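To start, the structure itself, in structure tokens.
Every number in this text was worked out from the coordinates using simple rules, so none of it is lab data. It should be emphasised that the depicted structure is a prediction, and the values quoted were computed from it without experimental measurement. Every residue, glycine as well, gets a Cβ built from its backbone with ideal geometry; the counts of neighbours run over all protein chains shown.
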């Protein structure tokens, strides 16, 4: 478990989650072009009574599930990347997890 202390919506908050969730949330923040504190603040504002760390985990998983459920967009991205590079199809185009990460790196918020 990794503990981070942040100022979220004007209050000091200590959050503990597994490293993988922190890494995933950093990817989400980058995809949305937000700082980690801004992402967590937005999530905090809309969470209602649910525990913040639970909603953060759900946000991370939901983000990548959404990306993985966009096969046509991912396929187009891979074709475009293949054509632009002038080479053979990259491994990320054959692996859905890598496709989602590549899509997240390429798409604006």
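Output the peptides 62-68, 42-48, 5-11 sorted from most to least packed, where packing is the average of other Cβ atoms within 10 Å over each peptide's residues.
Numbers: 62-68: 14.7, 42-48: 13.0, 5-11: 11.4.
So the order, starting with the most tightly packed, is 62-68, 42-48, 5-11.
For 59, 35, the sequence from fewest to most other C-beta atoms within 10 Å is 35, 59. Estimated from the Cβ-Cβ distance and a Förster radius of 25 angstrom, the FRET efficiency linking residue 65 and residue 45 is about 0.65.
Projected label points at residue 23 and residue 7, each 7 Å from Cα along the beta carbon direction, are separated by 3.0 nanometres.
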